[in-house]
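Everything below concerns the one structure shown next.
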Ligand code: URA
């Protein structure tokens, strides 16, 4: 294959990739780190030795990808959601709307991709999150990470992760209604900017917030719900799963429903 044919093939592959990954509402495409490395390894057009450049090695098949991986290529212009989310995070960090601002170490805004197809919404930061400023980094966070990476076989950086509350309730007590009401505009703004295709509500506080239904978690899970036109699947909070491992089977069924909805491959 000469260099021109090689470039034609590469361009055809990239066009297929772009078409598969673009979405009417999204201005960037998702690239796994492997795909990004592969594209970067493609030699640019050369005026010297045009025939002998070796073809780049194909990447090893990796996990399925979803949403924006560490590298995202602009498709049809810049997307300002990253800046809008950064601005929202800045406002949250200065928030004094409820008493939690007096006891927090720092606010905990989000983790993951602003272009994620899937958003996980939890309850509130715990001690580890309050210390590190990132949601779901403690024991429950490790379980959520395992669900994402080992169960769904996607990268944690490809999903969007946030909480109903942005500050830790002292002693990890339940969020109070007035705290939820104060924080509500922030979560709504996050979801409006990210526009995920699917939201996974982790635990009853997120489930009730997102569905607007004051029902026990057992009644909220098991079917598709809706938040502002976005499909919502409710599942158990990872902290609950740590205390009740027998519920993991049902949680995995919930996650598989989400994977089917997102057309992610389900293995074994
Ligand atoms: N539990 C949550 O609901 N959110 C976190 O970020 C951590 C633990």
Quick check: anything in segment 146-164 within 13 Å of the ligand (Cβ to nearest atom), assigned to a loop (DSSP other than H, G, I, E, B) and in contact with a helix residue (DSSP H, G or I) (Cβ under 7 Å, 6 or more places away or on another chain)? yes
Could you list, in sequence order, all residues of segment 165-183 that are out of contact with any helix residue (DSSP H, G or I) (no Cβ under 7 Å at 6 or more places or on another chain), more than 13 Å from the ligand (Cβ to nearest atom) and within 18 Å of residue 108 (Cβ to Cβ)? 171, 176, 182
Quick one: residue 142 ticks every box in (1) away from the ligand (no atom under 16 Å from the Cβ); (2) more than 17 Å from residue 230 (Cα to Cα) bar one, so which box is it? (1)
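What residue, among those in segment 100-113 that are in contact (Cβ under 8 Å) with a residue 40 or more places away in the chain and in a loop (DSSP other than H, G, I, E, B), is surrounded by the most Cβ atoms within 10 Å (Cβ to Cβ)?
108
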With the structure loaded, tell me whether residue 242 is farther than 20 Å from residue 148 by Cα and either touching a residue at least 40 places away in the same chain (Cβ under 8 Å) or surrounded by 13 or more Cβ atoms within 10 Å (Cβ to Cβ) (or both) or whether it fails that test. no
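Bear in mind that the values in this text are calculations on the coordinates, not laboratory data. Bear in mind the structure is a predicted one, so any value in this text is a computation, not a measurement. Neighbour counts run over all protein chains shown; Cβ positions are idealised from the backbone, glycine included.
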